[in-house]
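The values are calculated or read from the model by the stated rules, or taken from the named source; none is laboratory data. What you see is a predicted model, and the numbers here were worked out from it, not measured in a lab. Cβ placement follows ideal geometry from the backbone for every residue including glycine, while neighbour counts extend to all protein chains displayed. For accessibility, only protein heavy atoms count, side chains too; no ligands or nucleic acids. Shrake-Rupley method; radii C 1.70, N 1.55, O 1.52, S 1.80 Å.
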Amino acid sequence: MSALPTDGLRREQLPNGVTLLVQRRRAAPATALVTYLRAGFLDEPDALAGASHVLEHMIFKGTPTVGPGELARQTKALGGALNAYTAYDHTVYYATVPAANTRAAVTLQADAVRNATIDPEELRRELGVIIQEARRKFDTPSAVAGETLHQLLFEDHRIRRWRIGTEEALEGFTHADIAGYHASRYVPARTIAVLVGDVEPDAGLDILRAAWSDWRRPDEPIDAGPVERSAPVLRTRRLTGDVAQADIILGWRGTGPMHPDTPALDLAASLLSTGRGSRLNQLVREPGFASDVGASHYGADDVGVFVVGAELDASRTTPALAAMAASVRALTERAPDSAEIDRVRTMMQMQFRRHLERYGGRAIALATAEAEGDVTRIDRRERELLDVTPDQVRDAAAQYLHPDHVAAVGYFPASSTARFDDETLREAFRGAARVPPSTVMPEPTKSSHSPAASRSRAQHGVLHVAAGHLDILVARHGDVPQVSLGVWRHRTEFETALDAGLAALAIRSMVRGTTTHDSAQLALTMESLGGSLAARLGADTLGFGATVLPEHVAVAASLLADVLLRPGFDPGAVAVERALLLDDARAVADDAVRFPVQLALGAAFDDTGYGAPVLGTPESIGRIDHADLQAWHSRVLASGRTTVVAVGNGDPERVADLLLAAFGDVAILGTDDATTGLVQPVRAATRVERRDRKQSAFTMLFPGPSRSSVDRFAAETWAAIAGGLGGQLFEALRDRRSLAYTVMASSWQRRHAGGLLTYIATAPDRLEEARAAMLEELATFRAAAPSEADTTRATAMLAGQAQVARQTSGSVAAEIADAWLMGEGLHELDDPGAAYTRLTPDDVHRVAAASLDPASRAEGVLDAMHGGGE
């Protein structure tokens, strides 16, 4: 990695005020382009609250030379993918394309930002879409709780407003409103254009100059809005709705990005929530009070917010709230010790480096630092964190996180009787401060076997070492000092409705401790190496992983081997994890995307195999006992091979030797047969769940190619033509009919099954219209082949993104694991785009015609029409 994030950066400010940033990166033949506008929610007067987000949508609706939808279609044709987001003080448009197409992509993006048409009829339709997006937020408890928290924390500042605007305000926006906002906020002096990737800096600057230098628009003064004059006070608000789990969020006023106390508050938030060894995880999640808990500190301009939040079963509100309060109080009363500070700093540094490893993340980070006044500020970030003392963390927490200044929001199931009011909050903060108990770190377990190994020379960029039933795959990638490690096994048995969630409970319990390390020891040891131990459960594979500093590969690998071979399955820890898994399983019903998909899969596969909920059901989880977990673990190790993948900035031969030493005991376990012997066809069936929500949603799953089918590339091409920005379903159902904010199409591929999947969320009174429209559009794919132009755009995008994906060690490790475990072997890595570019429209039509028979579909429906609420 470069010594500093800005090493090699070229900066130039054009005479018109546009700032240009270019930095070369060579990990993948790709370029990220970012246009950063210093205009966001906080720049809107009350009468235009939500205008920034509306304008973000309208940027994609065309210019005098590019029609509606053409920006997305032309970017696809360049092999790129694009998107945008609106934040408090800025809006970002970003795309990643193959490096060879940088100039064309920059020209498209600059034209869209500078010359947006904002057609009145397009605006009318898009406002309907944004209203659907706003309704979706109302169906998301965490979003409602977060927005409500800002209303409690602030009385004057613009941050207190609902960010994307109210439905009433959105309905009232006119062409003059949005066009005027564009003219006043999208100006050269507020624009930062960034290129990061495999582009020579001089050439990159030439490309950006050509796109931006002739733009002329005056920069007028803009009202910054009122400053906050009110004093912080304790406040609570209790909300209820048709949800399975409760969401609780505590908040305090924090500091803006440039405030001198910000590094200390950032570090305080990380002490509370970074990693499995963090204070909140140890005191709130580990005892089973909440299934998810975290903290963060964020801000913009002159305002900041410090939050602590949890998702939990409502019946555990009192102990969860007490533990959250005790964790915060401890920060305000006692300085953290140096070992804890060092561990968290290491984790934060690794997270920051992983963020910069991806070109788009680096480009946005550079633009953000530039917008804050000095791009080299990004270089000082790590130094600022290293300079924060334990006493400064305590002092900042004591100043800002006072119990009398906290605001809290609780979003509860309608049936919950959990108490949540001002006095509840005061009682929680009257409790004693608590920190996790100190932990003695044992030595990692060493392998007792040194198996004979066959070592092949590096093929397809990967070194393969085989030893018994163990495969080690190592590749060098990038210049960031880190190695991504993963240990994988095939899932060799399907679950049913009776034991759904068995694998999930087992691997989640495995990271709660081994016979030599308890949960805290596992977490803290791995985090001291720069990584965080993660359990990974897919439909066809399971495993564990971490990304660590190169010098710690041996210790990290020993810990992963210990987790795989010697899980403790402590009965108390299993009981807690069972309760948390039950919470997570119930929470799926609150997710408007995951739940219809789960319903469709359950219908398609009759609750068996791919149709069994990965997290289980309340009934199946309740049936799993300690003996079931031990028996499951024995079966897993007795069948199939173990695969270890390592990718990063380390010598492959040396890394392979370290992994072989750590996983020697694994090599003697297993077999060479890892198949379930079961191929699952999609069956036609429908499942409907009725809920009190503001939006209905449904998923359709049609039979389609599996991961092993030669037709999978044609299926992915169909999905690229049908879905995404500029896709046929997106344009027909969202753009032309304003039926939805979210419309998706994908090729659902598994080892033993496959399908073509679609999804839409819409207003309850338009559910039947949306279903009919979806089937009407899908019928066109059966009736005729897509156009040559549509096919070429889709295959160019898929081939281009296959190159783009190789920016990070983690993504390359995932690609290697997929080729080895799910595909035909490492040769799939050679030219991942070739299989797409060989496709013809007839290939796509053949798959669509065979798959998209409406009579063969499974459907999962979240029906809000007949919900039980008002």
Dipole axis of the chain (+1 Lys, Arg; -1 Asp, Glu on Cβ), positive-most option in ALA835, HIS464, THR758: HIS464
Dipole magnitude (debye, nearest 20) for region 2-44, charges at Cβ of Lys, Arg, Asp, Glu: 320 debye
Full-extension gain in nm, THR671 to GLN630, via 0.36 nm per residue minus C-alpha separation: 12.9 nm
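With every protein chain kept in place and ligands, DNA and RNA left out, what is the accessible area per residue of the chain? Probe 1.4 Å, answer in Å². Don't skip to the answer; put the middle values down first.
On the way: 31570 Å² over 870 residues.
With all protein chains present, the chain gives 36 Å² per residue.
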Cβ-derived FRET efficiency at R0 45 Å, GLU333 paired with ASP214, nearest 0.05: 0.15
Fully extended contour minus Cα-Cα distance, from GLU551 to ALA638, at 0.36 nm per residue: 28.1 nm
Residues whose placed amide H lies under 5 Å from that of THR686, excluding near-sequence neighbours: GLU859
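Where in region 717-826 are there GluC sites (Glu not before Pro) that are in a DSSP coil and have at most 15 other Cβ atoms within 10 angstrom of their Cβ? Please list the in-between numbers first.
Numbers: sites: GLU731, GLU768, GLU769, GLU776, GLU777, GLU788, GLU815, GLU824; in loops: GLU824.
Those that pass, being in a loop and sparsely packed, are GLU824.
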Cα centroid of region 796-868 to Cα centroid of region 133-169, whole Å: 36 Å
³J(HN,Hα), Karplus 6.51/-1.76/1.60, whole Hz, each residue of region 605-618, x for Gly, Pro: 10, 6, 6, 10, x, 5, x, 7, x, 4, 8, x, 10, x
Label point at GLU788 placed 7 Å out along Cα→Cβ; residues across region 62-91 whose backbone nitrogen lies under 18 Å: 77-78
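Helix-only estimate, please: 222 nm mean residue ellipticity of the chain, summing -39500 (n - 2.57) across DSSP H runs of length 4 or more and dividing by its residues, to the nearest 500. The partial results should precede the final answer.
On the way: 30 runs with 351 residues, N = 870.
Roughly -12500 deg cm²/dmol at 222 nm, from the helical runs in the chain.
So, with +1 on the Cβ of K and R and -1 on the Cβ of D and E, and no other charges, what is the size of the charge dipole of the chain about its Cα centre, to the nearest 20 debye?
Numbers: 89 positive and 113 negative charges, 137 e Å.
Here the size comes out at about 660 debye.
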Portion, in percent, of the accessible area of the chain that falls on carbon or sulfur, probe 1.4 Å: 51 percent
Amide proton proximity set for LEU756, modelled H, under 5 Å, gap of 5+: PHE702, GLY704, TRP748
Region 1-55 and region 211-226: distance between their alpha carbon centers, rounded to Å: 15 Å
Spatial separation of Cα centroids for region 258-319 and region 382-414, in angstrom: 9 Å
Region 700-714 - phi-based ³J(HN,Hα) in whole Hz, Karplus 6.51/-1.76/1.60, Gly and Pro as x: 10, 10, 9, x, x, x, 8, 4, 8, 7, 5, 7, 5, 5, 5
Full-stretch length increase - SER415, GLU121 - with 0.36 nm per residue and alpha-carbon distance subtracted: 101.4 nm
In nm, spacing of pseudo-spin labels at ARG838 and ARG457 (7 Å Cα→C-beta vector): 2.6 nm
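Applying a 10 Å radius around every beta-carbon, put 250-256, 635-641 in order of their mean neighbour count, most first. Numbers along the way, then the final one.
Numbers: 250-256: 22.6, 635-641: 17.9.
Listed from highest to lowest mean packing, they are 250-256, 635-641.
First measure r as the distance between the Cβ atoms of ALA855 and VAL688, then evaluate 1/(1 + (r/R0)^6) with R0 = 22 Å and state the FRET efficiency to the nearest 0.05.
Values: r = 18 Å, r/R0 = 0.82.
Here the calculated transfer efficiency is 0.75.
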Dipole of the chain, positive direction: furthest Cα of GLY572, PRO652, THR102, with charges on the beta-carbon: PRO652
From phi via Karplus (6.51, -1.76, 1.60), per-residue ³J(HN,Hα) for region 637-654 in Hz, x at Gly/Pro: 6, 7, 10, x, 9, 9, 10, 10, 10, 9, 9, x, 8, x, 5, x, 4, 5
Structure-derived Rg and Dmax of the Cα atoms in Å - corresponding label in [x] 26.8, 75; [y] 29.0, 102; [z] 34.9, 117: [x]
Point-charge dipole on Cβ atoms (K/R +1, D/E -1) for region 739-852, about Cα centre, debye to 20: 160 debye
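Could you compute the FRET efficiency for THR318 and VAL227, with r as their C-beta to C-beta distance and R0 at 45 Å, rounded to 0.05?
Numbers: r = 37 Å, r/R0 = 0.83.
Rounded to the nearest 0.05, the efficiency is 0.75.
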Label point 7 Å beyond Cα of HIS402 along Cβ direction - residues of region 313-328 with amide nitrogen under 18 Å: 328
Sequence ranges 61-73, 273-285, ranked by mean other-Cβ count within 10 angstrom, highest first: 273-285, 61-73
Charge-dipole axis of the chain as Lys and Arg at +1 and Asp and Glu at -1 on Cβ define it, positive-most pick from GLY501, VAL679, LEU170: VAL679
